[in-house]
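Engineer: I have a structure here, written as structure tokens, and I will follow up with some questions on it.
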There are 2 protein chains.
Amino acid sequence: MREKDRPSQCCLLLEGWACRYRMLGDGKRQIFSFHIPGDIPDLQSLHLKVMDHSVCTMTAATVAFIPHEPLRKLTAAFPGVGAILWRETLVDGAIFREWMTGMGRRSATGSIAHLFCEMYVKLEAMGLARDHAYKLPPTQQDIGDALGLSNVHVNRVLRELRDNGLITLQNHKLQINDWAELSKLGGFDPTYLHLEKRDG
Amino acid sequence: MREKDRPSQCCLLLEGWACRYRMLGDGKRQIFSFHIPGDIPDLQSLHLKVMDHSVCTMTAATVAFIPHEPLRKLTAAFPGVGAILWRETLVDGAIFREWMTGMGRRSATGSIAHLFCEMYVKLEAMGLARDHAYKLPPTQQDIGDALGLSNVHVNRVLRELRDNGLITLQNHKLQINDWAELSKLGGFDPTYLHLEKRDG
DNA sequence: CGCCCCTTTGATATTAATCAAGAACTGTGG
DNA sequence: CCACAGTTCTTGATTAATATCAAAGGGGCG
């Protein structure tokens with residue numbers, strides 16, 4: 001799905017990773033989010049007809065398409081369902097704010113550490129990771145495009161994190177060896193993910 | 001309204017400017033958005049019970065408080081109203097993405113130029129500005145905290161924009177002298193604001 | 001086996017942060 | 001109307017972070 005499209009359906013990611021991004025005039029790319037199974041990356045298209053960015057998969061993936069029309073009827077007939085979906089888009093926005101914080105006010109190291117923590121918590125909540133380890137499909141270039149860094153600099157930060165023993169990263173398999181230290185480095189506080197139902 | 005609060009009402013800004021932000025452990029601040037009359041800065045609190053950031057006014061301001069309970073009933077009874085409010089929060093997210101793009105992949109100059117264009121279009125749409133001029137309450141420090149720059153650097157960029165004749169800025173009154181050039185500099189494309197109803 | 005993409009490393013350049021200090025502005029009370 | 005205090009703005013000098021350029025290894029896949 002591309003910028004300027006006017007989709008008539010949403011896609012639910014069942015397997016694999018996807019991301020949202022925009023290409024800039026000078027060939028640069030900004031990635032806005034990484035998505036994992038259970039996410040509906042383009043849920044916003046339900047109420048914003050023109051796409052202001054693009055979506056693509058980052059791995060082999062399985063997706064389910066849900067046409068807008070029945071979805072709109074469903075949310076109208078069952079406000080509770082609508083509220084849950086609305087809430088999803090709000091959490092989406094909260095994650096954007098967190099990434100903004102990283103790009104604006106955190107160091108490259110903190111930013112990357114934060115991303116690794118965030119993805120783990122999201123995956124763990126979906127039952128897709130445990131023991132502080134998971135598969136991380138994005139390339140170093142992808143990570144740079146997400147956090148506003150060059151691929152070279154991402155590479156150097158990763159080596160530093162490895163040298164310090166905080167993480168092990170090989171073949172896109174990430175193992176967080178020192179969660180306490182890594183989350184401290186990134187100033188990671190999962191409140192913004194709003195995962196606990198009781199807390200809203 | 002502060003981080004960790006659990007508000008029971010939303011506030012509609014009637015007069016003045018407000019902003020949303022978070023303070024970081026080391027005293028740094030990240031501003032997420034500037035708000036103008038007509039905005040409901042904390043609409044998300046309707047479905048996310050815990051605030052993951054703070055809201056404050058930047059000028060003398062008038063606000064109307066709308067309790068959550070009747071608002072929730074309203075959106076349940078009239079799905080059309082709910083859709084409109086939901087849509088507002090989606091545009092909010094689109095603006096976050098645009099700011100991310102600025103911080104990640106645009107130069108400081110481009111980022112600031114983009115912000116000035118964005119605020120003008122928003123104000124103009126509300127009938128609060130015309131002729132490419134408006135009152136801009138944020139200090140240079142505020143602008144820096146919003147775009148991830150130091151106040152000193154913001155000052156230098158502003159001087160450059162002034163020296164080039166692109167803008168006139170005095171006493172928080174901004175006049176954009178060369179809209180075409182400024183919007184080119186910032187790579188500004190208002191699609192993301194989703195202002196035209198026909199376009200969704 | 002070979003190719004392409006990704007990773008890694010080094011050298012250099014650029015952007016923007018930090019530190020520091022003085023000037024201009026704002027609001028306040030006398 | 002003026003003096004004062006606290007911000008905010010401005011400028012210069014220096015430093016730190018990160019980008020860019022370039023080139024050499026690795027690894028997976030057809």
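Engineer: Based on Cα positions only, what radius of gyration and what Dmax would you give for chain B, in angstroms?
Structural biologist: When restricted to Cα atoms, chain B yields Rg and Dmax of 17.3, 55 Å.
Engineer: With a 1.4 Å probe, what is the total accessible area buried between chains B and A, in Å² rounded to the nearest 100?
Structural biologist: Numbers: alone 11070 and 11080 Å², together 17640 Å².
Its buried surface, counting both partners, is about 4500 Å².
Engineer: Counting only protein heavy atoms and using a 1.4 Å probe, what share of the accessible area of chain B belongs to carbon plus sulfur, as a whole percent? Before the final figure, lay out each step's value.
Structural biologist: Values: 4650 of 8820 Å².
Its accessible area is 53 percent carbon and sulfur atoms.
Engineer: Separate question: Among the listed pairs A:49/A:73; A:49/B:135; A:49/B:73, give every one whose C-alpha distance is greater than 20 Å.
Structural biologist: On the way: A:49/A:73 17 Å; A:49/B:135 32 Å; A:49/B:73 26 Å.
Pairs exceeding 20 Å: A:49/B:135; A:49/B:73.
Engineer: Quick check: pseudo-label points 7 Å beyond the Cα along Cα→Cβ at residue B:12 and residue B:130, how many nm apart are they?
Structural biologist: If labels sit at residue B:12 and residue B:130, their model points lie 2.5 nm apart.
Engineer: Let's see if you can work this out: charge +1 on each Lys and Arg Cβ, -1 on each Asp and Glu Cβ, no other charges. What is the dipole magnitude of the range B:9-193 about its Cα centre, in debye to the nearest 20? Mind dumping the intermediate values first?
Structural biologist: Working: 19 positive and 19 negative charges, 47 e Å.
In debye, rounded to 20, the range B:9-193 gives about 220.
Engineer: What ³J(HN,Hα) values, in whole Hz, does the Karplus curve 6.51 cos²θ - 1.76 cosθ + 1.60 give for the range B:55-67 when θ = phi - 60°, with x put for Gly and Pro?
Structural biologist: So the Karplus estimates, Gly and Pro as x, are 10, 8, 7, 10, 9, 4, 8, 10, 10, 10, 9, 10, x Hz.
Engineer: Quick one, can you get me the convex hull of the C-alpha atoms of the protein assembly as shown expressed as volume per residue in Å³?
Structural biologist: On the way: hull volume 56.5 nm³, N = 400.
Convex hull of Cα atoms, per residue: 141 Å³.
Engineer: ³J(HN,Hα) across the range B:74-81 via Karplus (A = 6.51, B = -1.76, C = 1.60, θ = phi - 60°), whole Hz, x for Gly/Pro?
Structural biologist: 4, 5, 6, 6, 10, x, x, 5
Engineer: How far is residue B:159 from the same spot in each other copy, in nm, shortest first, if each label point sits 7 Å from Cα toward Cβ?
Structural biologist: Relative to the other copies, residue B:159 has label-point distances of 3.8 nm.
Engineer: Let me ask something else about it. What gaps in nm, shortest first, separate residue B:131 from its twins in the other copies when you place the label 7 Å past Cα toward the beta carbon?
Structural biologist: 7.0
Engineer: So, one more: Non-local amide H neighbours of residue A:17 (under 5 Å, H modeled in plane, Pro and chain starts lacking H): which ones?
Structural biologist: A:58, A:59
Engineer: How far is residue A:69 from the same spot in each other copy, in nm, shortest first, if each label point sits 7 Å from Cα toward Cβ?
Structural biologist: Computed spacing set for this position: 4.0 nm.
Engineer: To the nearest 20 debye, what is the magnitude of the charge dipole of the protein assembly as shown about its Cα centre, counting +1 on the Cβ of each Lys and Arg and -1 on the Cβ of each Asp and Glu? Provide the component values of the computation, followed by the final result.
Structural biologist: On the way: 48 positive and 46 negative charges, 17 e Å.
So the dipole magnitude of the protein assembly as shown works out to roughly 80 debye.
Engineer: Run the quick spin-label model on residue B:66 and residue A:56: label points 7 Å from Cα toward the beta carbon, then report their separation in nm to one decimal.
Structural biologist: It works out to 4.0 nm between the two label points.
Engineer: Next question. Over all distinct alpha-carbon pairs, what is the Kirkwood Rh of the range A:80-179 in angstrom? Provide the component values of the computation, followed by the final result.
Structural biologist: Numbers: mean 1/r = 0.0689 Å⁻¹.
Taking every pair of different Cα atoms in the range A:80-179, averaging 1/r and inverting gives 14.5 Å.
Engineer: Alpha carbons only, please: Rg and Dmax for the range A:28-99, in angstrom.
Structural biologist: 13.3, 43
Engineer: Using the Karplus equation 6.51 cos²θ - 1.76 cosθ + 1.60 (θ = phi - 60°), what ³J(HN,Hα) coupling, rounded to whole Hz, does each residue of the range B:136-143 give in order, writing x for Gly and Pro?
Structural biologist: Along the range B:136-143, the couplings run 10, x, x, 6, 5, 4, 4, 4 Hz.
The values are calculated or read from the model by the stated rules, or taken from the named source; none is laboratory data. Here the structure is a predicted model, which means the values were calculated and not measured. Positions of Cβ are generated from backbone atoms using ideal geometry, with glycine treated the same way; all protein chains shown enter the neighbour counts. Surface accessibility is based on the protein's heavy atoms, side chains included, excluding ligands, DNA and RNA. Shrake-Rupley method; radii C 1.70, N 1.55, O 1.52, S 1.80 Å.
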